[in-house]
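Here is the structure we will look at, set down as structure tokens.
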Amino acid sequence: MDYQLNDVTRHRLANGLTVITREDHSVPIVASMIWYRVGSRTERPGITGISHLLEHMMFKGTQRYAKGEIDYITTRHGGSNNAFTSRDYTAYYFTFASDRWHPALEIEADRMENAAFDPEEFELERQVVLEELRMDLDTPWGALRQAVELASFQTHPYRYPIIGTLEDVNEISIEELNAHYRGFYAPNNSTLVLVGDFRQDEVLKEVDTILGRIPSRETPHPEVPAELGQRRENRVEIRKTTHVPRLLWAFPAPSVHDREHYSIEMIDKLLSEGKLARLYRRLVEEERVMSGVMTEFDETQDPYLFFLRGELQPDVDPIRVEKLIDAEIALLLDGPIPESELERARNQCLSQFLADFETPLDQAVQLGLLETLIGFEYWNSYVERIQSVTSHDIRAAADKYLRADASTKGILITEQTSGSTPHAPQA
Amino acid sequence: MPLKLNLKCERQRLDNGLVILVSENHKVPLVSLNAFVLAGQDQNPPEKPGLAAFTARMLDEGTENYDYAKMAELLEGVGGALSIFSQRELSGVNMQLKTEDLNLGFELLAEMLCRPVFPGDRLELEKEKVLNHLRSMQDDPQTVAGNAFNRLIYAGTPLQYPALGLQESVGQLSVPDLRSFHLRRYSPASTLIVLAGDVSAKAARECIEARFGGWKTPDYEHAVLPEIRKQQAPIVETKIVDKEQLHILLGHLGVKRKNPDFPVLQVLDVILGSGPGFTSRIPRRLRDEQGLAYTTYSDISGSSGIYPGRFSAYICTSPENREIALQGLIGEIRNLVEEGITDEELETAQDYLTGSFVFDVQSNAMVARFLLSVELFDLGMDYLERYPDMIRSVTREDVERVARLYLDTVNYTTVIVGPSYPDSKTA
């Protein structure tokens, strides 16, 4: 089986823009993405959420495209578009049928240098983002996650929510937004990714004509405060009306640059992927204290978090659950992992890897993400590295990262029973 | 040049009635193996909401030849992914496998569909999980609103309940209930096996014939629900929950997928509430122009099936916006029904649909889903080829006619879920 991405190419334009391309003629579709190296990592108190707010404003008008016009063009061409902001990046995408995808390049070029920031539009969009933020805080996991992230870092900006705090989103000025845009939206701070049914040589010429003329700019390199590191276990308790107590723990995790990255990915599978995974078996099947459990782990620029979460069965003592989880983690350190378990986790990683490269947009996301963080070649060595993770590596990674004294243990419990008052239908 | 897409597929019907559809695509060494069974929520006895979904969930919990652990070991060991679903009119199994593991997939699929044993201890465990999941769903006001809406518009039918069932009914389910449901409702005549991906149609057919050829259809008629009647008077239901945001869902019974006006309704959806970005009327006015919400949309075609789906319009907003949001949603619907549409709106929607339909068959799982609807709704294998012309032939008069015919601005259901608010009158 061929796990190499031999057909992916990288070009660097004179203005510093990185262009990643991959031809895929299996479906008549082209996905185009642009990735900027800016996100909550490049924010500070007072302007948290500014990258995300800026992402919203990028659909609200530029010199060339009036408000709504980008969506209108997308619709007229039968495409789809959207954007997302994360800790380390902000990314925009279009997908179109391959005979009509070219407006994507024109739009991204204009958005890179000519955003309009109309004050009235800005105030309206601020309201939309505040609605989004309130919606998130209104969900049990949203509120708990924000609290756990905040407690997990002392200094690093990963402690702030990507969407920002209510106070900051209310206060961010249009001048601050503009400065953020001028600072980070430059060709030399971005990667264009094109995947799909096109001819690479033709496309590269076109990209150079349309995006190559944008001048490069000096971009700020905000000093990201290094994390001081936690010295003791943190505890977070959220009280909210809920029908089910929820548990969310965060452990420190390696960044994409760290060697242990792959071992933690294997641990992720060993603990929670499938019916035979260790935490699932212990907590859901044997002890029946939770109705589900999962672990989560992302690729990030700086060390971020390894999450463990699940919903507790009623009347279960959270202390008991905590002891069971601690015991399972201790078992990882205890002895060698049986080869059959390692083999299963490896296969799960590899199947996931293949599935992540199925559609043109999936591919563009994976390539753009890793190019932004470390270089897309990461994927070329991925299989080999996963296959080489040993039982010893896993023990060492668990010992280094899954430590109680560096963890944040969050729980959401109910404040009161919900006062619901259903009403008879009214004719 | 209009975009044409021709998806190849082989269809075969075994002597026992089992239908097999295979679409080959050798891009990635993966296969999506699916079984769809006409054993959905509509087949539930009136007093047993949740039975169909529970039966489906238990298919991989033990069979005549494998216990649950052995099945998981075999499948997860090779990195295969299994998911089971159960909806309004269908239940089924989806497996994502590497090509080399396809035989194992067939073996396990035959066991799950033809020879499940529903062990009592596994049923009790699964029950605890489902009951906790039902509790957890009450923390999501959008789900609460959706359940209330279904209860009102499907009143008197098995579709009025959540597919997963109710606390009371799930608590009562027994092994004989599941065995009896399986015996009557799972049969070759009501099953469709769909494969998409790196597979040879001929080899797949032989494997399936060998494993499923002896499966017999029991002597029970597939239950078809009597015609579901649309409400004849307005209904309003308000539910107070301890949340910050208000969720409004309004609409009424929708249409069947075989409705000859289906393509016209797709055009209507793009114009009214489910186009990309904020081009449709509802998101454009309520989100983009008024900043009322992060999420707002409407849809009628998307939920259509063997039975009528729902016409629904949704918004999540702050409680103080309640009246303006309600008036905004119904106002947009009324406006479309009374004032009609413009030529420009029609062309835009046609452009969108005739370009974006290629996205529906990007991945193996999507191809399988598409082939399912071809079979279920007699669309014809040339559906994708005919689709652009079908959409292009829709006229303004068609859209205005179906708006008047299918959207009711008097006798509709409104469900409001959110906090109590001083100015908001509860029903």
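The values are calculated or read from the model by the stated rules, or taken from the named source; none is laboratory data. A quick note: this is a predicted structure, and the numbers were derived from the prediction, not measured. Here the Cβ is made from the backbone with ideal geometry for all residues, glycine too, and neighbour counts use every protein chain on show.
Somewhere in segment A:20-37, is a residue modelled with pLDDT of 95 or more, more than 27 Å from B:Gly355 (Cα to Cα) and touching a helix residue (DSSP H, G or I) at 6+ places or on another chain (Cβ under 9 Å)?
Yes, that holds for at least one residue.
Out of segment B:179-236, which residues are touching an Asp or Glu at 6+ places or on another chain (Cβ under 9 Å), of a type in the set (Lys, Arg) and under 30 Å from B:Phe311 (Cα atoms)?
B:Lys230
Considering only residues of segment A:81-98 that are of a type in the set (Gly, Ala, Ser) and surrounded by 21 or more Cβ atoms within 10 Å (Cβ to Cβ), which is nearest to A:Leu192 (Cα to Cα)?
Keep residues of segment A:81-98 that are of a type in the set (Gly, Ala, Ser), which gives A:83, A:86, A:91, A:97-98.
Right, trim to surrounded by 21 or more Cβ atoms within 10 Å (Cβ to Cβ) and you get A:91, A:97.
On the way: A:Ala91: 10, A:Ala97: 18 Å.
The extreme case among them is A:Ala91.
Would you point out which residue out of A:Pro215, A:Pro220, A:Pro225 is part of a loop (DSSP other than H, G, I, E, B), touching a helix residue (DSSP H, G or I) at 6+ places or on another chain (Cβ under 6 Å) and surrounded by fewer than 17 Cβ atoms within 10 Å (Cβ to Cβ)? Even if it seems obvious, please write down each step before you answer.
Values: A:Pro215 fails: touching a helix residue (DSSP H, G or I) at 6+ places or on another chain (Cβ under 6 Å); A:Pro225 fails: touching a helix residue (DSSP H, G or I) at 6+ places or on another chain (Cβ under 6 Å).
Just one listed residue meets the conditions, A:Pro220.
Give me the residue from segment B:248-282 that is touching a Gly at 6+ places or on another chain (Cβ under 6 Å) and of a type outside the set (Val, Ile, Thr) and, out of that set, surrounded by the most Cβ atoms within 10 Å (Cβ to Cβ). Reasoning before the result, please.
Within segment B:248-282, the subset touching a Gly at 6+ places or on another chain (Cβ under 6 Å) is B:254, B:257, B:280, B:282.
Next cut, of a type outside the set (Val, Ile, Thr) only: B:254, B:257, B:280.
On the way: B:Gly254: 24, B:Arg257: 18, B:Ser280: 27.
Here the answer is B:Ser280.
Would you be able to tell me the number of residues in segment A:310-352 that are farther than 23 Å from A:Arg395 by Cβ, touching a Ser or Thr at 6+ places or on another chain (Cβ under 7 Å) and either in a helix (DSSP H, G or I) or not polar (S, T, N, Q) (or both)?
Going through segment A:310-352 one residue at a time, the tally reaches 1.
Could we say that A:Glu132 is in a helix (DSSP H, G or I), within 29 Å of A:Pro119 (Cβ to Cβ) and within 14 Å of chain B (Cβ to nearest Cβ) here?
Judged against the criteria, A:Glu132 is a match.
Conditions first: (1) farther than 28 Å from A:Ala355 by Cβ; (2) touching a Ser or Thr at 6+ places or on another chain (Cβ under 9 Å). A:Pro119 passes all but one, so which condition is the exception?
(2) is the only condition that A:Pro119 fails.
Out of curiosity, is B:Ile271 outside any loop (DSSP other than H, G, I, E, B), closer than 27 Å to B:Glu237 by Cα and not small (Gly, Ala, Ser)? Write out each step before concluding.
On the way: outside any loop (DSSP other than H, G, I, E, B): yes; closer than 27 Å to B:Glu237 by Cα: no; not small (Gly, Ala, Ser): yes.
It is false that B:Ile271 is outside any loop (DSSP other than H, G, I, E, B), closer than 27 Å to B:Glu237 by Cα and not small (Gly, Ala, Ser).
Is there any pair linking a residue in segment B:69-88 that is closer than 28 Å to B:Gln41 by Cα and outside the structural domain of B:Leu159 (by TED's automatic domain parsing) to one that is part of a loop (DSSP other than H, G, I, E, B) and modelled with pLDDT of 95 or more, with Cβ under 8 Å and at least six apart or on different chains, and which?
none
Being within 12 Å of chain B (Cβ to nearest Cβ), of a type outside the set (A, V, I, L, M), more than 16 Å from A:Arg145 (Cβ to Cβ) and buried (at least 20 other Cβ atoms within 10 Å of the Cβ) is the filter here; which residues of segment A:229-271 pass it? Before the answer, list the steps.
Within segment A:229-271, the subset within 12 Å of chain B (Cβ to nearest Cβ) is A:239-246, A:269-270.
After this cut, where a residue has to be of a type outside the set (A, V, I, L, M) as well, the list is A:239-243, A:245-246, A:269.
Subsequent filtering for residues that are more than 16 Å from A:Arg145 (Cβ to Cβ) retains A:241, A:243, A:269.
Correct list: A:Lys269 only.
So, B:Gly305, is that one within 14 Å of chain A (Cβ to nearest Cβ) and not acidic (Asp, Glu) or not?
Working: within 14 Å of chain A (Cβ to nearest Cβ): no; not acidic (Asp, Glu): yes.
The answer is no for B:Gly305.
Of all residues in segment B:265-281, which are more than 13 Å from chain A (Cβ to nearest Cβ) and either over 19 Å from the mean Cα position of the chain (by Cα) or among the acidic types (Asp, Glu) (or both)?
B:Leu268, B:Leu272, listed by residue number.
Hey, among B:Phe359, B:Phe370, which residue is out of contact with any Phe, Trp or Tyr (no Cβ under 8 Å at 6 or more places or on another chain), free of Cβ contacts under 8 Å to residues at least 12 places away in the same chain, within 20 Å of B:Ser301 (Cβ to Cβ) and surrounded by 19 or more Cβ atoms within 10 Å (Cβ to Cβ)?
Values: B:Phe370 fails: free of Cβ contacts under 8 Å to residues at least 12 places away in the same chain.
None of the others qualify; the one that does is B:Phe359.
Is it the case that segment B:293-305 has a residue that's in a helix (DSSP H, G or I) and crowded, with 20+ Cβ neighbours inside 10 Å? Break it down stepwise before answering.
We begin by selecting, within segment B:293-305, every residue in a helix (DSSP H, G or I); these are none.
No, segment B:293-305 contains no residue that is in a helix (DSSP H, G or I) and crowded, with 20+ Cβ neighbours inside 10 Å.
Taking segment A:64-91 on its own, how many of its residues are farther than 20 Å from A:Gln366 by Cα, touching an Asp or Glu at 6+ places or on another chain (Cβ under 7 Å) and more than 8 Å from chain B (Cβ to nearest Cβ)?
Of the residues in segment A:64-91, 2 are farther than 20 Å from A:Gln366 by Cα, touching an Asp or Glu at 6+ places or on another chain (Cβ under 7 Å) and more than 8 Å from chain B (Cβ to nearest Cβ).
Within segment B:33-68, can you find the residues that are touching a Phe, Trp or Tyr at 6+ places or on another chain (Cβ under 7 Å), among the β-branched types (Val, Ile, Thr) and free of Cβ contacts under 8 Å to residues at least 60 places away in the same chain?
Within segment B:33-68, none qualify.
Let me spell it out: the conditions are (1) within 14 Å of chain A (Cβ to nearest Cβ); (2) hydrophobic (A, V, I, L, M, F, W, C); (3) in a loop (DSSP other than H, G, I, E, B), and B:Leu250 meets all of them except one. Which number is the exception?
The failed condition is (3).
Considering each of B:Val399, B:Val358, B:Val394, B:Val374 in turn, give the residue that is in a helix (DSSP H, G or I) and either more than 23 Å from the chain's Cα centre (by Cα) or charged (D, E, K, R) (or both). Can you show your working first?
Working: B:Val358 fails: either more than 23 Å from the chain's Cα centre (by Cα) or charged (D, E, K, R) (or both); B:Val394 fails: in a helix (DSSP H, G or I); B:Val374 fails: either more than 23 Å from the chain's Cα centre (by Cα) or charged (D, E, K, R) (or both).
After applying the criteria, what remains is B:Val399.
Just one of the numbered conditions (1) within 14 Å of chain B (Cβ to nearest Cβ); (2) in contact (Cβ under 8 Å) with a residue 24 or more places away in the chain is not true of A:Asp362; which one?
So the condition that A:Asp362 fails would be (2).
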